[in-house]
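Single-structure report; data block below.
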Amino acid sequence: KQEVTQIPAALSVPEGENLVLNCSFTDSAIYNLQWFRQDPGKGLTSLLLIQSSQREQTSGRLNASLDKSSGRSTLYIAASQPGDSATYLCAVSLYYGGATNKLIFGTGTLLAVQP
Amino acid sequence: DAGVIQSPRHEVTEMGQEVTLRCKPISGHNSLFWYRQTMMRGLELLIYFNNNVPIDDSGMPEDRFSAKMPNASFSTLKIQPSEPRDSAVYFCASSLRVTGANVLTFGAGSRLTVL
């Protein structure tokens, strides 16, 4: 059974700091891995998607890496801002009879960026 | 497009009552997912549909839960009878299933409280 774990569960940093969020999964047979952001009382917004054949993806100040063999992914946020404060979730997409949309979510990291 | 639309946003009901949650996916999307989020268990996939057909309902907790998708633009998740342990935020998400990346768009969620 695929299990996805995120460390740390919560993180507080001063504005401007670079930070790394960690995600680990137990079964390397994934199709892709996604990082999401969730603001309080709202739904999830997809930030980055890494295919299993890729090593990393970048979008602005965000960079996500994937090491499938070791079952790990990291989300790097450069020059953090108070507006980055949210819960960050990673999710792995499983092979499922040709459909690849079944996402297993991690427990999330609650990030607070202090001004 | 207005995104994935869920209703109601908040529902408070008493144990034993029937609850119906509604979802309108993004026009043109052919996959629809129902997730449940709680503090204890995080985000769990309940059921997902492809082209209005249920593909995987293994996450539906018990027979009290049922989901339908009568057409491409509407889905319901029904709980009958409801119990306090059903209290959670229920998310609907949709995507366009094509070969390769499948990015889900989430609705804002329906917060259910069962007293």
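Laboratory data are not the source of any read-out in this text; all were calculated from the coordinates shown. Predicted model only: the values in this text are computed from it and were never measured. Here the Cβ is made from the backbone with ideal geometry for all residues, glycine too, and neighbour counts use every protein chain on show.
Points worth noting:
- Over all pairs of different C-alpha atoms, chain B has a mean inverse distance whose reciprocal, the Kirkwood radius, equals 14.1 Å.
- Backbone N within region A:37-70 under 18 Å of label point (7 Å from B:H10 Cα along the Cβ vector): A:39-43
- Counting only other chain Cβ atoms within 10 Å of each residue's Cβ, the peptide A:38-49 averages 5.
- Given charges at beta-carbon only (K, R positive; D, E negative), |dipole| of chain B in Debye: 280 debye
- Modelled label positions at B:L115 and A:A9, each set 7 Å beyond Cα in the direction of Cβ, lie 3.0 nm from each other.
- Pair-distance distribution of region B:1-68: all C-alpha pairs, bin width 10 Å, starting at 0; shares per bin in whole percent are 17, 48, 32, 4.
- Alpha-carbon Debye profile of region A:1-111, log10 I(q)/I(0) at 0.17, 0.20, 0.24 Å⁻¹: -0.75, -1.03, -1.42
- Across region B:10-48, the residues whose backbone nitrogen lies under 15 Å from the label position 7 Å along the beta-carbon direction of B:K78 are B:17-23.
- Lys pairs, the protein assembly as shown - Cα-Cα below 20 angstrom, 8 or more residues apart or on other chains: 9
- The alpha carbons of the protein assembly as shown give a radius of gyration and a Dmax of 17.6, 51 Å, in that order.
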